[in-house]
1. Could you give the radius of gyration (one decimal) and Dmax (whole number) of the Cα atoms in the chain, in Å?
2. Which angle from 0 to 90°, rounded to the nearest 10, does the C-alpha axis of helix 128-143 make with the longest principal axis of the chain?
3. Each label point is 7 Å from the Cα along the Cα-to-Cβ direction; what then is the distance between the points at H78 and T19, in nm?
4. Pairing the Cα long axis of helix 76-91 with the longest principal axis of the chain, what angle in degrees results, from 0 to 90 and rounded to the nearest 10?
5. Give the aspartates and glutamates whose C-alpha is closer than 18 Å to that of K240, dropping any in the same chain fewer than 8 places away, or say none.
6. Which of V175, P220, L194 sits closest to the plus end of the dipole of the chain, meaning its Cα is farthest towards the positive end, when Lys and Arg get +1 and Asp and Glu get -1 on the C-beta?
7. Could you give the dipole magnitude of the chain about its Cα centre, charging the beta-carbon of Lys and Arg +1 and that of Asp and Glu -1, in debye to the nearest 20?
8. R0 = 25 Å: FRET efficiency of R218 with I147, Cβ-based, nearest 0.05?
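Readers should treat all values here as calculations from the given coordinates under stated rules, not as data from a laboratory. It should be emphasised that the depicted structure is a prediction, and the values quoted were computed from it without experimental measurement. For neighbour counting, all protein chains shown are included, and Cβ atoms are generated from backbone atoms with ideal geometry for every residue, glycine included.
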Amino acid sequence: MTRVVLVHGIAQQLKGPETVAGAWLPALNDGLAISGSKTLPRDDVSVAFYGDLFRRPGHRGLGEPPLDASDMESGLEHELLLSWWQAAAGAEAGVPGPDAPARVRTPRVIQRALHALSHSSFFARLSEGAMIGSARQVRRYFTEAGIRHAAEERLTRAVTVETTTIVAHSLGSVVAYETLCAHPHWQDLTLITLGSPLAVRGLVFDRLHPVPHGGTARWPLPVKRWINIADHGDAVALVKELAPRFGSRIQDLTVDNGAHVHDVRPYLTARETGLVLAEALA
């Protein structure tokens, strides 16, 4: 019985649905326990996994070389990286901003951005190739119709008549929003978005399906309640409040994820997340 469907974000291509569930469910149950609520058994939770859509095929010999700054495509990939850089620099004193002089010889803007982000609390755990790959996954989702459709199909198959709640992290919140809009016959669902970039103008918001009009996006009809949760320093969730763009019914909350501002696990263990999830399940 799938009561809760989890939708992951970027950089999950080397995992699978059981791996994601193995990481998410303990954290989710910790959040429920911390909020004084009952925990969920594994059978009540399903993962809408689409990470494999971004996995590169294997190659003979030495394989593909890792991505570096020269592989960064102009346009959306470039703009995403710069927006993350600006947000991280604004939130963390240890991250040199775009106007700060480079301490190492990084003449290209992209290389400077990658170097600066390596000092941020979220991106410090990622290699340059992983940062570039993360931006590329966002770009591919919005520009490759096959990937977008396949991700929607994965979530569609995961939702059952017993489902009451969808919990979506990062790019997964985009997948969840677009899928919910495409299925107006679904009813009475609670949507919990974590570290969502949905309201970031130009990069995400204006690329959504259905297309927003007049700076306002369509409300997903199956959703009776929408709670959006963001850490104040989360560079991916550049715009922390979704209500101004998606409707005043959204409850925007902030949490403190410590050093791991975009990691889904501290989002899930937060008491605030546990409380809203418990209310949805009740």
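1. Just the Cα atoms of the chain yield Rg and Dmax of 18.5, 57 Å.
2. Compared with the principal axis, the helix lies near 60 degrees.
3. For the pair H78/T19, the computed spacing is 3.3 nm.
4. Result, in degrees: 80.
5. Counting by Cα, and skipping residues close in sequence, K240 has these aspartates and glutamates nearby: E92, D206, D231, D252, D256, D263, E272.
6. Checked the options; the winner is V175.
7. Details: 28 positive and 29 negative charges, 51 e Å.
Approximately 240 debye in magnitude.
8. Working: r = 22 Å, r/R0 = 0.88.
After rounding to 0.05, the efficiency reads 0.70.
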